[in-house]
Amino acid sequence: MSKQTYSVCFCFRRRFKLAISEAPPDIKALFDQYSENGVMTVDHLHRFLTEVQKEEKATKEEAQATIDHCLRELKHLNIFHRKVLNLEAFFKYLFGDLNPPLSPSIGVHHDMSAPLSHYFIYTGHNSYLTGNQLSSDCSDVPIIQALHRGVRVIELDIWPNSTKDDVDVLHGGTLTAPVQLIKCLKSIKEHAFVASEYPVVITLEDHLTPDLQAKVAQLVTQTFGDTLFSPGSECLKEFPSPESLKKRIIISTKPPQEYLEAKDAVKSENDPKSGKTQVDEEAWGQEVPDLKGAIVADDKQDELDENDSNGEEDNDKSPQHVAPEYKRLIAIHAGKPKGGLVECLKVDPDKVRRLSLSEQQLEKASEVYAKEIVRFTQRNILRVYPKGIRVDSSNYNPMIGWSHGAQMVAFNMQGYGRSLWVMQGMFRANSGCGYVKKPDFLLKTGPHNEVFDPKYKLPVKTTLKVKVYMGEGWYYDFKHTHFDAYSPPDFYARVGIAGVAADSVMKKTKTLEDDWIPAWDEEFEFPLTVPELAVLRIEVHEYDMSEKDDFGGQTCLPVSELRKGIRAVPLHSRKGEKYKSVKLLMHFEFV
């Protein structure tokens, strides 16, 4: 089909010539440089891979395998018998699935033998909710979906059922419809290690009587059996490593307390009247909030007090009411010691624990205690969770947590939006196993016991140069009137960095009108002070003069694992699902 027709009115139609995907000038020039008489041999391709793509370990056997694959895909070419590439085949290779921006063969390559506190861990919040925080159904389906995406921390809020003889999972104090705990546990057992063999942590927000705690202990023990990591009732002196906990389930919660105390503790966080929701996660709504001034203080939630349903206070006043078998399940003890933030952040050399802070509490604490938070997270686990007024299941900027060493930056995985795309991008690192080793600067202590100061402005460490050549695939994945009823789409791309405040920026290409295969051919530079925490953000929009711009795809990629050279970058939907055909051709270089 060489032309495309759009109806403008009953008697008038517009016809547009369909463009053909063609190699950009830079690609043609490179082909000329690494070929002879219009033919690229194995030796030519091998030299291209090492010199342009910076794949120093590439072998001639791999170059030959690439040529063989390309020719199988392009059987119509008359060069099949010669085992070489022409310009068309070379371009198809560069723009194909064999040339992704992250290495598909590198596997898990971070050191996985350090304590759990040395890793960022892919963490869910209210993992059982199918939609908003107030009235959606509770189900094991979002838990399964999260596990299949590599999420390693699943949160369950456990409450007595209506007859007080069994345990349900639901968001207490709301209209959410419950799901049985046993159903969630069985689904976790079945799907825990589909995407990753590294440990799954179940964080329990407990609102149970002692007899139901004993029932939970029985259900958990029977369901997980030998896969359950249960060191006993005492706190660990140091967390074990992800490597030592492969295919293990870990329970984390506060030590048991009386049911009425727990019941009272939920009121402030779940009160929908405590503030307005911030709808900042619409695809074309607000940007990812800045690290500074993004979180407006809310008087009911910014204090570190005992009335915090997600922050577990160590308040074990009634040991006679504690179910001992339940207490023995807890491998990662959670809790907030009395005495405010200073006490919370004290490092005990004899035991490790988990502390939970809301996004607002962390924002407030970081203004005064930034270095103390970093020191705490070198041995202990910090979990950050969304503020209670995010009833639409939106999320926040994860970078404030990561830049302070927080391991569990808990997100509403059903919320979608730009913040979640950044989260997905970070955890594409380390082969998507759900554990990303923290940068050394967050783990090291200096000769005078000093630690990294997140407030300190660092010099530029490296500069990432990104060239956006072109995009294709929308014509195959969308109806021809999806973006515009009267003409082909007008695409533009946005490229930028999510990272520490000094590195965060978004830039934009020109808009190309009426073109299914936009060739922007634009280059951008991103100076990076903390490249270890930087995530490359890529979005494509279709410009709309009269309404909000249409969504054309997105992806986020960890800068630390970007492959240099020319790469084919697949784009994803709002929900993070990879499109079948849509991708961009881009060039990455560090200078």
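The values are calculated or read from the model by the stated rules, or taken from the named source; none is laboratory data. Worth saying up front: this structure is predicted, and the values here are computed from it rather than measured. Backbone-built Cβ (ideal geometry, glycine too); neighbour counts: all protein chains shown. Ligands, DNA and RNA are stripped out before the accessible areas are found, and what is left, the full protein with its side chains, is counted by its heavy atoms. Shrake-Rupley method; radii C 1.70, N 1.55, O 1.52, S 1.80 Å.
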* Asked: Can you tell which of Pro100, Pro104 is at pLDDT 95 or above, within 30 Å of Trp474 (Cα to Cα) and open to solvent by 20 Å² or more (accessible area, probe 1.4 Å)?
  -> Pro100
* Where Ser136 falls short, out of the listed (1) closer than 22 Å to Arg383 by Cβ; (2) in contact with a Leu (Cβ under 6 Å, 6 or more places away or on another chain); (3) among the polar types (S, T, N, Q) -> (1)
* Asked: Restricting attention to the range 346-359, which residues are surrounded by fewer than 22 Cβ atoms within 10 Å (Cβ to Cβ) and under 20 Å from Thr123 (Cβ atoms)?
  -> Val352
* Would you say Thr163 is open to solvent by 20 Å² or more (accessible area, probe 1.4 Å), touching a residue at least 40 places away in the same chain (Cβ under 8 Å) and over 22 Å from Met408 (Cβ atoms)? -> no
* **Number of the condition not met by Ser113 [criteria: (1) open to solvent by 70 Å² or more (accessible area, probe 1.4 Å); (2) among the hydroxyl-bearing types (Ser, Thr, Tyr); (3) in contact with a Cys (Cβ under 9 Å, 6 or more places away or on another chain)]** => (3)
* Structure fact -> Pairing a residue in the range 324-340 that is assigned to a helix (DSSP H, G or I) with any residue that is of a type in the set (A, V, I, L, M, F, W, C) and open to solvent by less than 60 Å² (accessible area, probe 1.4 Å), where Cβ atoms lie under 8 Å and the two sit 6 or more apart in sequence or on different chains, gives Glu325/Ala214; Glu325/Ala217; Tyr326/Ala214; Tyr326/Val216; Tyr326/Ala217; Gly340/Leu304
* Any hit, the range 399-413, residues being open to solvent by less than 10 Å² (accessible area, probe 1.4 Å), closer than 15 Å to Leu129 by Cβ, among the hydrophobic types (A, V, I, L, M, F, W, C) and out of contact with any Asp or Glu (no Cβ under 9 Å at 6 or more places or on another chain) -> yes
* **Enumeration of residues in the range 445-497 that are of a type in the set (Phe, Trp, Tyr) and more than 27 Å from Phe95 (Cβ to Cβ)** => Phe452, Tyr456, Tyr486
* Test for Leu85: is it modelled with pLDDT under 95, open to solvent by less than 30 Å² (accessible area, probe 1.4 Å), under 25 Å from Pro518 (Cβ atoms) and not hydroxyl-bearing (Ser, Thr, Tyr) -> no
* To do: Could you tell me whether any residue of the range 200-223 is over 20 Å from Asn412 (Cα atoms) and without any contact (Cβ under 8 Å) to a residue 24 or more places away in the chain?
  => yes
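Residue-wise test of (1) among the aromatic types (Phe, Trp, Tyr); (2) over 25 Å from Leu357 (Cβ atoms); (3) part of a strand (DSSP E or B).
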{"site": "Val108", "(1), (2), (3)": "no, yes, no"}
{"site": "Ala114", "(1), (2), (3)": "no, no, no"}
{"site": "Ile144", "(1), (2), (3)": "no, yes, no"}
{"site": "Val151", "(1), (2), (3)": "no, no, no"}
{"site": "Ile188", "(1), (2), (3)": "no, yes, no"}
{"site": "Ser196", "(1), (2), (3)": "no, yes, no"}
{"site": "Thr203", "(1), (2), (3)": "no, no, yes"}
